[in-house]
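Heads up: the structure comes next, in structure tokens.
Nothing in this text is a laboratory measurement; each read-out follows from the coordinates by a stated rule. All of these numbers come straight from a predicted model, not from anything done at the bench. Heads up, the Cβs are rebuilt from the backbone with ideal geometry, glycines too, and the neighbour counts pull from every protein chain shown.
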Amino acid sequence: MKLSILSNINVESLISRVSRSYSVYKTEGYGLWVQEITNSNSGLYAFKPDIVFIILDGAELIKEQSIERNYKEIRENMQYIEKALSSNPDIIFFINNIDFWSREIKSVKHGTKERRLEYFWEEFLFDLSNKYRNAYVFDLKSIIEQMGKEEFYSRKLWYLGGMKFSMKAERYLELYINRYIDSIKGTRKKCLVLDLDNTLWGGVVGEVGFNGIELSDYKEGARYKDFQKKLKEIKELGIILAVVSKNNYDDAMKVIREHPHMVLKEQDFVDFKINWDLKSQNIRALSEELNITLDSIVFIDDNPVERESVKRELPEVIVPDFPEDTSQLADFASKLYWNYFHTIDTTDEDTAKTEIYRQNIKRTEALKTSNSYEDFLNSLDTKITIKAMRQDDIQRASQLTQKTNQFNLTTKRYNETELLNLLNKEEYDCFVANVIDKYGDNGMVSVIITKHYNSEEVEIDTFLLSCRVMGRYIEDQIVEYIEKLYLELGYKKIIAHYKPTAKNMPVKELFERLGYTLAEIDELGNKKYLLELGKTETSLRKKFGRLEIII
């Protein structure tokens, strides 16, 4: 990952920090951000960064003068930024909302000019963010508000070396830059598993009863209600919630279903493991039912003994310390979001994720009662729709390339701007597949990208399938469609690859099963396959469900 940090003040120390993890472009001096982003021949564009952070100080950006002139300056700077965004769709830009270190000393009647300028700048930023896929707001203002201006800024460093940010502020900025990059890479966790007693409410319901727990709009109970409000916000961003609790099932569910101050309702959770089994055992069962890896789970429990047990038995699971002071619960939830679930955008499928996983549990239950796996697959009444990728598919398709690990043959990661570029290249074809069955709509679950080198050969650049539909032989029909398409277009050969990772072992021999010839394999296990179109036996491929083509 290559990135650049541009500023109108000295941020050399911050660049040095970030350079420990990434390759970072450094300008010759500071304050050259406009020249760098507007000159197509600048060192910035020669460096070819993946991400550019533009971190600007309000006071240095807008010098003291009339507010009309200030507004004009903001418009001019936004024009420079917009030019960079439109000219470089393959680069992701984060631009900060501005803050003024100190304000003019004015009477109350006079008002605060700086605040109006901050709002004016931010309005422009959000307009650009909505207009361009590669534009995002870097929320510097919230970082400063969280720390406090006295902690964030350093007059001593400013007067000594033109550095406005304190060392503590730079550590925070480094942390937040890493969070934003992780969000671009799609490395956030998937599932937040929660205890109940003294976690979602105060007290042990089996001891104090339904009316004795602490959960209300005031005093002690408000702490837990505010915690639930924050957890609900996290859930709405596409994170699935589940319960693992040692408890009497009926007592616990009565609170969840009937308590007037429960913010999180039954439908907000994907599953409930409320029993007296080991929590590590329940978490493992949950991961298997949801078909998610243990390292995508974060477990929250007030009991240190239970936390240590899960850490010991399931070291892949993240188990944060629970706050000793429960008045900090709402802040704790915010930290959970920033540390493990931060996202820069959400899709419609993110907001529907809980229901999608609940449907998957119903499928698992149906499998248990079927006479055979084949009978189960036939009973699903699956419909697979394959279509050419369009611009409105890019956000979800990019998300799939970033997050899909188990069924991902080459694990190439594409951001939205990169996919948009591929759509505009004649040598690439991009497809997506959606799956629906009698239990519900799985949404977009597959991305297929091909590249044709010449008039006879086509290569499968990317082939992935969401873990939520793995094991249903959907891949057989997708691959067969791709083969028939290129055969009809006159191609003679398909080239395919498998590049092994720690997580994609389930597809290690996929192409062998589908009849491809292994042409090469190196010492790292990287495989290259060939398929002569029209000469492969496909009758052994499994087909469960109907295939629909939309081109």
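Rounded to a whole number, what is D in µm²/s for the stretch 191-344 from Stokes-Einstein with the Kirkwood radius over alpha-carbon pairs (10 °C, 1.306 mPa s)? Could the numbers behind the result be given before it?
On the way: Rh = 15.5 Å.
D, rounded to a whole number, is 103 µm²/s.
By DSSP, what percent of the beta bridges with both residues in the stretch 191-344 are antiparallel, rounded to the nearest 5? Working shown, then result.
Details: 1 of 17 bridges.
Bridges in the stretch 191-344 are about 5 percent antiparallel.
Of all DSSP beta bridges located in the chain, what percent are antiparallel, nearest 5?
For the chain, the DSSP antiparallel bridge percentage is about 45.
Is there a pair in LYS156/LYS189; LYS403/LYS543; LYS141/LYS265 whose C-alpha atoms are over 31 Å apart, and which pairs would that be?
Long pairs (Cα-Cα over 31 Å): LYS156/LYS189; LYS141/LYS265.
For the stretch 268-289 and the stretch 484-511, what is the centre-to-centre distance using only Cα atoms, to the nearest Å?
Each part's Cα centre sits 36 Å from the other's.
Which pairs, out of LYS368/LYS503; LYS26/LYS164; LYS2/LYS164, put more than 20 Å between their alpha-carbon atoms?
Table pairs above 20 Å Cα-Cα are LYS368/LYS503; LYS2/LYS164.
Let me make sure I get this right: for the stretch 1-141, a, b and c are the square roots of the gyration tensor eigenvalues over alpha carbons, sorted descending. Under 1.5 in a/c it's rounded, otherwise prolate if a/b > b/c, else oblate. Which is it?
The shape class here is prolate.
Can you give me the three principal axis dimensions of the stretch 371-550 from its C-alpha atoms, in Å, biggest first?
The Cα atoms of the stretch 371-550 stretch 45, 36, 36 Å along the principal axes, largest first.
Return ARG413, ARG546 ranked ascending by Cβ neighbour count within 10 Å, so the fewest neighbours appear first. Working shown, then result.
On the way: ARG413 16, ARG546 11.
By the 10 Å Cβ count, ascending: ARG546, ARG413.
Which ordering of TYR498, TYR516, TYR30 is given by a fewest-first count of other beta-carbon atoms within 10 Å?
Listing TYR498, TYR516, TYR30 from fewest to most nearby Cβ atoms yields TYR30, TYR516, TYR498.
With runs of 4+ DSSP H residues as the only contributors, calculate the mean residue ellipticity of the chain at 222 nm using -39,500 (n - 2.57) per run, divided by the residue total and rounded to the nearest 500.
Rounded to the nearest 500, the figure is -12000 deg cm²/dmol.
Tally Lys/Arg at +1 and Asp/Glu at -1 over every other residue whose Cβ is under 12 Å from the Cβ of ARG171; what's the total? Numbers along the way, then the final one.
Values: positive: ARG17, LYS168; negative: GLU151, GLU170, GLU174.
Local net charge: -1.
Normalised by the empirical 2.2 N^0.38 Å for globular proteins, what value does the Cα Rg of the stretch 303-421 take?
The reported ratio for this selection is 1.47.
Determine ³J(HN,Hα), in whole Hz, for all residues of the stretch 31-37 in sequence, where each value follows from phi through the Karplus function 6.51 cos²θ - 1.76 cosθ + 1.60 and θ = phi - 60°; x replaces Gly and Pro.
Per-residue couplings from phi come out as x, 9, 4, 5, 4, 5, 7 Hz.
Say R0 is 41 Å: what FRET efficiency, to the nearest 0.05, do GLU480 and ASN275 get from their beta-carbon distance? Kindly include the intermediate steps, with their values, before the conclusion.
On the way: r = 44 Å, r/R0 = 1.08.
E(calc), rounded to 0.05, equals 0.40.
Could you rank the peptides 82-88, 466-472 by their average count of other C-beta atoms within 10 Å per residue, with the highest value first?
By packing density, highest mean first, the sequence is 466-472, 82-88.
Using amide H atoms built in the peptide plane, which far-off residues or other-chain residues are under 5 Å from ASP271 H to H?
Result for ASP271 returns VAL243.
Would you kindly derive the ³J(HN,Hα) couplings of the stretch 444-451 from the backbone phi angles with the Karplus curve 6.51 cos²θ - 1.76 cosθ + 1.60 (θ = phi - 60°), listing them in order in whole Hz, with x for Gly and Pro?
For the stretch 444-451, the Karplus-derived couplings read 6, 10, 9, 10, 10, 10, 10, 9 Hz, x marking Gly and Pro.
Excluding residues on the same chain fewer than 8 positions from LYS230, give the aspartates and glutamates whose Cα lies under 15 Å from its Cα.
Result set, ordered by chain and number: ASP217, ASP268, ASP331.
Amide H to amide H, which residues 5 or more places from LYS2 or on other chains are under 5 Å from it, using H placed in the peptide plane?
The answer is ASP50, ILE51.
Which links in LYS131/LYS425; LYS484/LYS527; LYS168/LYS335; LYS190/LYS528; LYS149/LYS219 stretch past 25 Å when you go from one Cα to the other?
LYS190/LYS528; LYS149/LYS219
Can you sort TRP276, TRP121 by how many other beta carbons sit within 10 Å, fewest first?
The order, fewest Cβ neighbours first, is TRP276, TRP121.
In units of 2.2 N^0.38 Å, what is the alpha-carbon radius of gyration of the chain?
The chain yields a ratio of 1.10.
Sequence-distant or interchain residues sharing an amide H contact under 5 Å with ASN10, placed H: which?
It is LYS164, by chain and number.
Pop out the ³J(HN,Hα) list for the stretch 151-161 in order, Karplus 6.51 cos²θ - 1.76 cosθ + 1.60 with θ = phi - 60°, rounded to Hz; leave Gly and Pro as x.
7, 6, 9, 9, 5, 4, 5, 5, 6, 7, x
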